[in-house]
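The values are calculated or read from the model by the stated rules, or taken from the named source; none is laboratory data. Since we're looking at a predicted model, the values are computed, not measured. Ideal geometry is used to build each Cβ from the backbone, glycine not excepted, and the neighbour counts take in all protein chains shown.
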Amino acid sequence: MRRLTPVLALGALLLTALPAHAADGPPHRESYGTKAPYEPGQDPRTYEEPPAGYTAVFTENVSRHGSRAATGSEDGDLVLGLWDKAQAEGRLTGRGEEFGPTVRALMAAMDKVGYGNLSGRGRQEMRDTATRTEQRLPTLFTKIAEEGEKIDVVSSGQGRAVHSAGEYTGALAAADPALKPLIGPTRTDKDLLYFHKAAGGAAYRDYLANDQRLKDTLNAITDQPRTREAARGVLRGIFTEPFVDGITDQVGAARAIYNLYAIAPAMTEESPDPGGRGWGMDRYIPRADASWFGYLSDAEDFYEKGPGFSDSDITYAMAGVLLDDFFRQVEAKRAGTSGLGAELRFTHAEEIIPLAALMGLPGSTEPATPGKPYTYADNPWRGASVAPLGANIQWDVYEKDGRYLVRMLYDERETPFKAGCSPIAEGSAFYDFDELERCFGRG
């Protein structure tokens, strides 16, 4: 009984109210969590101009891979197993009759793309982001071509990250063919871009596997009446009530349906209606219930990859290797020891989310106090904003008379560095690199 006490105490503190957007209606982007497809955060025409006399000399990024198929068929297999049984027993609702064929078509499309591989939308996301980068920094890429500077490309080594790198660099070469011979082959660095599975992530993996507080917290968040209510709400739209009553794990079944709903927007180009409703999976899950399952997914990512508990940095300290590399690249450029014009990195949510927390990026600054769990009501962290598919962090570096300035873009939105870092002028997106080294404790 002693082991249950923290869960019960924690559960008593949870807020079960959903955000105001959770009424019935069209799906809300938040409900997709970190499977939300990419959207650039700012109109490029509104970017701040660099100070007079400064020219772009370097750019670097880290990007999550683009939209992809689900990483496996388990959710679809589970759901279709239930659907086939319900159809044989005459236990489908009117809407449920349409559900099975929709899921089969979605599964066939993902199988054709390859589970875990980039979808058509994901490939286009990478190409479009690269094209906008080249358009944002035309003088830099002209300089790279004229001076023969190299463009280094590095990935986690996982297929979707490698393919994202290929789409991105292919678009750069298409925009300016003179860049093509300067773009290096995509090399693999797992310590840098797959650190949650590399040697540096050993303590983190132990946290995921063995931390009792983590388990208690996530169990308490999930094991609420609202979860069971949402599960029945999802299932009753597809199956008759007697059939729903006979499903042993209603929450697991509803979560599988939610997971298909969440991945469907990433597969719109493979859908029967790519320019319209896509797969229309929102027809099969009430908006309020989708929002609840989206919250549960966000809670898991928050505690397993994001700001987590306020008294621990175990979820994001390992991202220091990636932040160090950002600084090292600029330091080498300033020292005259780098022949690179750009450093391009391609990785996963497991790296973007902790890096955002380590850097104190907007939406990732507030951990949860132990004993007071993460909720939408009192924490701004949202997976769809912190690390959607295709999420990226970019540093543009400008120089004048030996002084270096850095502007950061987060999903292509000009973004201030963390509290304690002072821009060159109030409200400016540009920071003196010496100031960044000071406020990040590097100098």
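Annotations for the structure displayed:
- G159 falls short of the stated requirement of being at positive phi and within 25 Å of the chain's Cα centre (by Cα).
- Candidates S156, S119, filtered to the one that is closer than 23 Å to K197 by Cβ, touching a residue at least 40 places away in the same chain (Cβ under 8 Å) and either basic (K, R) or buried (at least 18 other Cβ atoms within 10 Å of the Cβ) (or both): S156
- Within the range 333-349, the only residue that satisfies the criterion of being under 26 Å from H196 (Cβ atoms) and either without any contact (Cβ under 8 Å) to a residue 60 or more places away in the chain or acidic (D, E) (or both) is E343.
- Beta carbons closer than 7 Å, at least 6 apart along the sequence or on distinct chains, pair a first residue in the range 89-108 that is loosely packed, with under 13 Cβ neighbours inside 10 Å with a second that is of a type outside the set (G, A, S) for R95/I238; R95/R283; R95/Y284.
- Enumeration of residues in the range 360-404 that are of a type in the set (D, E) and over 18 Å from the mean Cα position of the chain (by Cα): D378, D396, E399, D401
- Restricting Y204, Y261 to those that are over 29 Å from A109 (Cα atoms), surrounded by 21 or more Cβ atoms within 10 Å (Cβ to Cβ) and within 22 Å of the chain's Cα centre (by Cα) reduces the list to Y204.
- Qualifying residue in the range 69-91 (condition: of a type in the set (F, W, Y), modelled with pLDDT of 95 or more and not in a helix (DSSP H, G or I)): no
- Index of the failed condition, P27 passing every other in (1) assigned to a strand (DSSP E or B); (2) modelled with pLDDT under 95: (1)
- In the range 412-443, the residues that are in contact (Cβ under 8 Å) with a residue 24 or more places away in the chain and among the polar types (S, T, N, Q): T415, S428
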